[in-house]
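Encoded as structure tokens, the structure appears first; notes follow it.
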Amino acid sequence: MDLTKVPSDVIIIGAGIFGLSTALAISKRHPHYQITVIDRLTPPVIDGTSVDTTRCIRADYPDPIYARLASEAQKKIEADPDLAPYYFKQGMTFACDGKPGKMFDFWQRGLDNVRKQHAADSIIEMNSAEEVFRRIHGVASNPVPDDQLERERKWIRGYTNLEDAFIDAEASVRVYYERCLARKNIVFVCGTPVRNIIKDPQSQTATGVMLEDRRQLKASLVLLAAGAWSNTLVNIEELAYSSAIEVAWIPLTPDECERWKNMSITTNLSTGFNLFPPYNSEMKCLRRSPGYCNTVTIPDPENPEGGHNIKVSVPRTVVTNPTDVIPQDAENALRDNLRELMPSIAGRKFDRTKLCWISQTPTADFIISPHPHTKNLHIATGGSAHAWKFLPIIGDLVLDSIEGKLDAELVRKWAWGRHGSDGGNAPRMSGNAQELRDVVRSQTGDVILGKI
Ligand SMILES: Cc1cc2nc3c(=O)[nH]c(=O)nc-3n(C[C@H](O)[C@H](O)[C@H](O)COP(=O)(O)OP(=O)(O)OC[C@H]3O[C@@H](n4cnc5c(N)ncnc54)[C@H](O)[C@@H]3O)c2cc1C
């Protein structure tokens, strides 16, 4: 689509990293164009996938395409003076249990890959549980003895890539939101969700959106960038499934912050566990678990008045259910990892927890593509637990896709309906997501109630 020849407006549904980055890209490339960004809430959207205390920024992908794009994006983040105060290049340690299998293969390929990509002094290798533990706790420290651990060790081998970094995701999204606000041709409509995308039935062309309060907004192009909610607005469930993984924050004392301040992000591919260095006097941990889904029945989003219902998994978040805490098995798994890696804080009460929702594709490739049946409707979703780091470049790539200028290899990679496996680009533990309603817990004061 040639935007210079369409004298009208673009509506972007969703103000996460896909939506904000694309709004800026369109605004700069086509200053005459009017862009309306619509979101359920005002950015930084508290339960959006893009908003969190921290995200990893790294370019050590096994896939050369993501490696190249991530490297380009990381350089832009590093050169951005507004993001600099929120960016911390402390490296990332990738550990595993050393047992043969899919995750060990991913780990080994990752190590081979970073050895090729980076100078030797950027990589630290660890060949025992002691070395992995000492990377965090110092050379004089010793891991928990076997008889106290009472299970097999899982943090056995590791390597650190010192080129990797973490970033304050919420603060960075705010930077991008404020950049959008400063542009004359971008406006925000926040607080009322889009109910459905309006289509002209004859020409099968998107002509705008209807909001939940029945207001209608017209546009010559609609971009759907609604993350884990995208499946409530188009039939995408088979291609990008919405599920959530567990996150928890542990409060730290000033001494603990000082002790661990230089540690790297530390993750274990075998257990899915991920631990961030101290930030704002707390440590965040999460697990790339098979996760949780929340299946509901809704009217077919592409024909809401047609009387046909579909089943989709939709986010259940702190916004709609503020007293939710992570399920018991999620808490147990986080604490089990902490017992081996961070024994002194493993039993500490979490300050807060959340389930973070993801739009997950089978290949972990994003979906950046025209809608297959509806003209003037474009899709940018399927972030699959690794899209954040592309914030500075993803908008231009989405715009290239809209304008038919995207490189052929990216058109194929991000096409609607790709099948396959994640290839280690965003490895997640195998298994099926559990239905949240079977395991949900709620916190009332100090009491946690199961299955509410
Ligand atoms: C726990 C976790 C850890 C991760 N770690 C990393 C990492 O370390 N590095 C990395 O690169 N990536 C990481 N990711 C992935 C990354 O965060 C996501 O891929 C990315 O943020 C997705 O952005 P988005 O714009 O698609 O979604 P979102 O940020 O969720 O944006 C979608 C927006 O659409 C809005 N919306 C939804 N429905 C409607 C509607 N009907 N009307 C109006 N607005 C609507 C929502 O309110 C939301 O603001 C992680 C993800 C998770 C869950």
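The values are calculated or read from the model by the stated rules, or taken from the named source; none is laboratory data. This one's a predicted model, so the numbers in the text were calculated from it and none came from an experiment. Virtual Cβ from ideal backbone geometry, glycine too; neighbours counted across all protein chains shown. Remember, those area values only see protein heavy atoms, side chains included, never the ligands or the DNA or RNA. Shrake-Rupley method; radii C 1.70, N 1.55, O 1.52, S 1.80 Å.
Summary table below
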read-out: Restricting region 210-225 to residues that are in contact with a Gly (Cβ under 8 Å, 6 or more places away or on another chain) and in a strand (DSSP E or B), the residue that is farthest from the ligand (Cβ to nearest atom); value: K218
read-out: Cβ-Cβ under 6 Å pairs, at least 6 apart or on other chains, region 209-232 side closer than 22 Å to I402 by Cα, far side charged (D, E, K, R) and more than 8 Å from the ligand (Cβ to nearest atom); value: A219/D9; N231/E237
read-out: Selected residue (criterion: farthest from M210 (Cα to Cα)) from residues of region 166-196 that are more than 10 Å from the ligand (Cβ to nearest atom) and in a strand (DSSP E or B); value: I186
read-out: Checking E302 against (1) open to solvent by 50 Å² or more (accessible area, probe 1.4 Å); (2) farther than 28 Å from N425 by Cβ; (3) modelled with pLDDT under 95, the condition it does not meet; value: (1)
read-out: Test: residue in region 288-299 that is surrounded by fewer than 23 Cβ atoms within 10 Å (Cβ to Cβ), away from the ligand (no atom under 15 Å from the Cβ) and of a type outside the set (S, T, N, Q); value: no
read-out: Matching entry among T93, T42, T53 (being of a type in the set (S, T, N, Q) and part of a strand (DSSP E or B)); value: T93
read-out: Long-range neighbours under 6 Å by Cβ, at least six apart or interchain, first residue over 19 Å from P278 (Cβ atoms) within region 88-99, second surrounded by fewer than 18 Cβ atoms within 10 Å (Cβ to Cβ); value: C96/F104
read-out: Subset of region 340-358 (residues that are surrounded by 16 or more Cβ atoms within 10 Å (Cβ to Cβ) and either within 12 Å of the ligand (Cβ to nearest atom) or not β-branched (V, I, T) (or both)); value: E340, L341, M342, A346, F350, T353, K354, L355, C356, W357, I358
read-out: Enumeration of residues in region 18-42 that are open to solvent by 10 Å² or more (accessible area, probe 1.4 Å) and β-branched (V, I, T); value: T36, T42
read-out: Residue check, G383 open to solvent by 10 Å² or more (accessible area, probe 1.4 Å), assigned to a loop (DSSP other than H, G, I, E, B), away from the ligand (no atom under 14 Å from the Cβ) and on the phi < 0 side of the Ramachandran plot; value: no
read-out: Residues of region 105-157 satisfying the condition of being of a type in the set (A, V, I, L, M), open to solvent by less than 50 Å² (accessible area, probe 1.4 Å), in a helix (DSSP H, G or I) and out of contact with any Ser or Thr (no Cβ under 7 Å at 6 or more places or on another chain); value: L111, V114, A129, V132, L149
read-out: Residue within region 313-334 that is closer than 30 Å to K375 by Cβ, of a type outside the set (G, A, S) and surrounded by 14 or more Cβ atoms within 10 Å (Cβ to Cβ) present; value: yes
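Residue-wise test of (1) open to solvent by 30 Å² or more (accessible area, probe 1.4 Å); (2) modelled with pLDDT of 95 or more.
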position: P370; (1), (2): yes, yes
position: W388; (1), (2): no, yes
position: N425; (1), (2): no, no
position: T444; (1), (2): yes, no
